[in-house]
Every structure is written in structure tokens, then in C-alpha cells.
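The values are calculated or read from the model by the stated rules, or taken from the named source; none is laboratory data. What you see is a predicted model; the values in this text were computed from it and never measured. No Cβ is skipped: glycine too gets one built from the backbone with ideal geometry, and neighbour counts run over all protein chains shown. Heads up: the accessible areas ignore ligands, DNA and RNA and are worked out on the full protein's heavy atoms, side chains in. Shrake-Rupley method; radii C 1.70, N 1.55, O 1.52, S 1.80 Å.
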Amino acid sequence: MQPIQAGRPIDRSKDNAILQAARHLLSTQGVGSLSMEAVAKLAGVSKATLYNRFANRQLLIEAVLHSQTEFFSEMLQQAGATSDESQQALIESSVRLLEFLLSDEQQCLMNVMQSGAEIGDELRTMMFAHGPAATFANNVAWLCKVDAAGQLKIADKEFAAECLFGMLIGMDWIRGIFRQSPNRQPELIRTHAERVVQLFWRMFS
């Protein structure tokens, strides 16, 4: 029997370049402008390389949203050994989420989503499921672990997660919809996240 020949190692730098290019186009120009050709050109890869990784545009968009959701929830893989460690993990996750939500690129995407641009109900539903809904579900799952560890007492995890999201986002989300500058500039995001998490912990401790 001949030995199995190892294939060429996967170039992860190309994967990252593709996802970054797709995320940029999606955020700044909207779904309608996100073509496989445009992504390949911006990422500096051939269309063959792109199609080898993602068979179509929908799978590429799903991958972009999944990578963003995983980035938000990376710190929430498990409850910390102590309450302080869990609070710090939630702060770091909240900072990542707020920096994204209040970024210029995300505000551009929200303007496109709320405009009359033809996106299609199926694509909108998919983007919601793999983006905000997935991020919310990850937070609920983490709250279940923290509750099981005895660090918090939360009867309704989904309600608690909604409270957390509402306190984090506050009026700045509404300001963004109306194209007003957010009150929380980048240098204030961490302080705000710390205050919210401390209040959240007192609410459910």
C-alpha cells in the first residue's frame, strides 16, 4: 500500500484576507455590492482560490458573520474559576461587541439594512440568525454556565441577556440610526462596559 501523500498546507492568511475583504465590502457597500469577484480582487486572491473555500456568496457571508460572532464570544467559552474572573471575561467580550457596534463600518451596514436596498427576506433572516441571534445565544449559554457555577442566580437567562445588551448599547444605537455621533467615544467604551457589567452582576448576584 502506498503512503498517503499529504496535501498542500492550507494558507490561513488567505482565509483571513478573504474574510476581511468580504467584511469590509459588506459593511461599507452593502450586500448588493458584495460579489465573489470583488472579494477576490480586494483580498488579492484568485477567484479559483475563493471558490475553493466558499462555493457561493451566501456561504461566504455566513462565514463572515460566524467569525465575527466567535470573536465577540471568544472570552465566554466557560465560566471563570471565580466571580471576578467571570466579570472580567464579560467586560472583555462587551468591549469587543461595543467597539464593533459603534464602528463606522457597522453604522454603514445598518444604514444599508434599513434603506430601500433590495436584500431579500431570506438573506436578511440568514444574516440575523448568524449575526445578532448567534451572539445573543452565546451570551445566554455563558450565563447558564455562570449560574450553574453559583456565581449568579438567574431564573430567566434570556431576559438577563437582553438586560445586558440593552444596558451596553443604550441610546447610542438609536443615535447611530439617526446618524448622530455616539456619546461613548472609543476611549470611553471600556469604562462604560465595566460600569454595566458591575451593575449587571449586582442585579443577579
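For this structure, a couple of remarks:
- Residue within region 76-86 that is of a type in the set (D, E, K, R) and in contact (Cβ under 8 Å) with a residue 60 or more places away in the chain present: no
- Scanning region 72-101 for residues that are open to solvent by less than 80 Å² (accessible area, probe 1.4 Å) and under 25 Å from Gly150 (Cα atoms) yields a total of 17.
- Filtered residues of region 136-187 (kept if open to solvent by less than 70 Å² (accessible area, probe 1.4 Å) and outside any helix (DSSP H, G or I)): Ala149, Gly150, Gln151, Leu152, Ile154, Gly170, Pro182, Arg184
- In region 27-35 there is at least one residue that is within 13 Å of the chain's Cα centre (by Cα) and assigned to a helix (DSSP H, G or I).
- From Thr69, Thr49, residue being of a type in the set (Val, Ile, Thr), under 30 Å from Lys153 (Cα atoms) and either assigned to a helix (DSSP H, G or I) or open to solvent by 30 Å² or more (accessible area, probe 1.4 Å) (or both): Thr69
- Any chance Leu26 is at pLDDT below 90 and either within 20 Å of Asp104 (Cβ to Cβ) or surrounded by 12 or more Cβ atoms within 10 Å (Cβ to Cβ) (or both): yes
- In region 36-61, the residues that are under 21 Å from Ala129 (Cα atoms) and free of Cβ contacts under 8 Å to residues at least 40 places away in the same chain: Phe54, Ala55, Asn56, Arg57, Leu59
- Of residues in region 92-121 being hydrophobic (A, V, I, L, M, F, W, C) and under 15 Å from Thr135 (Cα atoms), the one modelled with the highest pLDDT: Val95
- Check on Asn56, farther than 21 Å from Leu123 by Cβ, modelled with pLDDT of 90 or more and open to solvent by 30 Å² or more (accessible area, probe 1.4 Å): no
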